[in-house]
Amino acid sequence: MKKVGITLIGAVIFLFVGAFLIINSSSSKGNESEFSSTVSSEEMETFLYKDNGIVNQVHNELSEKGYRYSIMIAAYSKEDIQMKIILSNKEVTEATQEEIKSIFYELVKKNNLNPNSFTLKVSDSDDGPDW
């Protein structure tokens, strides 16, 4: 069980770094004011993962409820973070989406984060990689 958790956290970090590199690459094509408004990967990683950050807390809560999943993160700034949770062991129903979103946004509020900064999509593996 611990091995799965470590693997999952590694996959999340890998996806986060990949998303950031893509975002950073595309933002460097924009004008200078757009580029200066982005945050570094280190700042964003600290924001999301610091001292049992929001991503780790979500992982703990969903794992306790029996969910197995992958997570995609596109962090454009601290005010614009898109997350997609892709379930691998359950079909996503409206009730499942509501439960996961409820868990997520409760943790956001518990951590004194702005819920409007996050966009969350919940899907299953049949949904594909779109946001």
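Rule-based calculations on the coordinates, nothing more; no lab input. Bear in mind that the values here come from a model prediction, so they are computed numbers and not experimental data. Virtual Cβ from ideal backbone geometry, glycine too; neighbours counted across all protein chains shown.
The table below gives the values:
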| read-out | value |
| --- | --- |
| Förster radius 30 Å - calculated FRET efficiency between GLU99 and GLU79 (Cβ-Cβ, nearest 0.05) | 0.70 |
| Extension gain, ASN89 back to ASP126 (0.36 nm per residue minus Cα-Cα distance, nm) | 12.2 nm |
| HN-Hα J in Hz across segment 104-110 - Karplus 6.51, -1.76, 1.60, θ = phi - 60°, x for Gly and Pro | 4, 6, 5, 5, 4, 5, 4 |
